[in-house]
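K.L.:
Before I ask anything, here is the structure I am working with.
The values are calculated or read from the model by the stated rules, or taken from the named source; none is laboratory data. As the structure is a computational prediction, the values presented were derived from the model and not from experiment. We place every Cβ from the backbone using ideal geometry, glycine too, and count neighbours over all the protein chains shown. Surface accessibility is based on the protein's heavy atoms, side chains included, excluding ligands, DNA and RNA. Shrake-Rupley method; radii C 1.70, N 1.55, O 1.52, S 1.80 Å.
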Amino acid sequence: KTSMKTVPLWTINLKTRSGQIGLLTSCLLLVLWAFLAFWAIQSREQTLTNRKEALGQTVSVVEEQTAQMLSLIRLTLRSVDQWITDHPDQSPNETASFVEWVNDLRAASGQRIDIRMVNRDAKLVYIPSRSDAAAADVSDREYFQVQNQPATRGFHIARSVHSRVTNKWGIPVSIPVTNTASHIKVVYGAIELDNLNRLQRPLLASQEDRK
C-alpha cells in the first residue's frame, strides 16, 4: 500500500498568505509608480503653464514698451515737422536752438531714438551739421522711397537696415515733411537694435530666473 503524506494545514495557509502578500506588494508598487508618474506629469504641466504665463507677461510688457516708444517717435517726428513748417527760412541743422532741442529729445528718450533728416536730393542731413563727412545717399532706403509715393506716404516703420553712418543695425521710422517748399523732405527716427536689446534684457533675465 502506498502511504499518503499528510501536509500540515498551517503550511498551506502560510504559502497562501505569502502569495497574497506578494501580490498585494506588487499591487502597491504599481499604484505607487502610477501615482509618481501622474505627479510627474502634473508637475511638468504646471511648470509649463507657469512658464507660459510668465512668458506671456513678458511679451505683454515688451509690446507695451515698444508701443510707447513708437508713440514717442511719432510725437517727436511730428514736432520736428512742425518746427520746419514754422521756420521756413531757417536751416534746421544749422540753427542752434533746433539742434539743442533735438539733443534734448534724444536725451529724453534715453538715447534710444536718434532724429535724422533727408533732403530732396536724398542726402542725409546731420543734426547738427557736419562738415567733416560727406552726406550719405539714402535714395535706395525704404524709409525714403515710401515717402515719394502717395499710396505709401505717411508714418512708416521700415525694415531694419545697417546704418552707413553708425555702422549699426536699426529700425527707421519716417514721415514726410509737410512744408513742400523746405529743402528737407523726410524726417525719421532711428531705433538702434542694440538699444532695443538693452531695453528687453532685464525682462528676459527675469523670465530666465523663473525657470
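Table: residues versus (1) among the acidic types (Asp, Glu); (2) in contact with a Leu (Cβ under 6 Å, 6 or more places away or on another chain).
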{"position": "Ile73", "(1), (2)": "no, no"}
{"position": "Thr76", "(1), (2)": "no, yes"}
{"position": "Asp86", "(1), (2)": "yes, no"}
{"position": "Phe98", "(1), (2)": "no, no"}
{"position": "Ala108", "(1), (2)": "no, no"}
{"position": "Gln111", "(1), (2)": "no, no"}
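K.L.:
Which residue, of Leu77, Leu70, is within 22 Å of Thr178 (Cα to Cα), open to solvent by less than 30 Å² (accessible area, probe 1.4 Å) and either in a helix (DSSP H, G or I) or without any contact (Cβ under 8 Å) to a residue 40 or more places away in the chain (or both)?
P.N.:
Leu77
K.L.:
Look through segment 36-51, keep the residues that are over 29 Å from Asp194 (Cβ atoms) and open to solvent by 90 Å² or more (accessible area, probe 1.4 Å), and return whichever of them is modelled with the highest pLDDT.
P.N.:
Looking at residues that are over 29 Å from Asp194 (Cβ atoms) and open to solvent by 90 Å² or more (accessible area, probe 1.4 Å), I get Ile41.
K.L.:
Now for a different question. Being under 32 Å from the mean Cα position of the chain (by Cα) and open to solvent by 60 Å² or more (accessible area, probe 1.4 Å) is the filter here; which residues of segment 115-127 pass it?
P.N.:
Lys123
K.L.:
Only residues that are within 32 Å of the chain's Cα centre (by Cα) and under 18 Å from Thr152 (Cα atoms): list them for segment 177-193, please.
P.N.:
Val177, Thr178, Lys185, Val186, Val187, Tyr188, Gly189
K.L.:
Limited to segment 121-137, what total is found for residues that are in a loop (DSSP other than H, G, I, E, B) and closer than 15 Å to His183 by Cα?
P.N.:
The total comes to 6.
K.L.:
Quick one: count up the residues across segment 113-138 that are in contact with an Asp or Glu (Cβ under 8 Å, 6 or more places away or on another chain) and farther than 21 Å from Ser79 by Cα.
P.N.:
Going through segment 113-138 one residue at a time, the tally reaches 2.
K.L.:
I need a count of the residues in segment 144-181 that are among the hydroxyl-bearing types (Ser, Thr, Tyr) and open to solvent by less than 10 Å² (accessible area, probe 1.4 Å).
P.N.:
Adding up the residues that qualify gives 1.
To keep it simple, each residue is scored yes or no on (1) within 23 Å of Gln68 (Cβ to Cβ); (2) modelled with pLDDT of 95 or more; (3) β-branched (Val, Ile, Thr).
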position	(1), (2), (3)
Gly110	yes, no, no
Arg130	no, no, no
Ser160	yes, no, no
Ile175	yes, yes, yes
Asn179	no, no, no
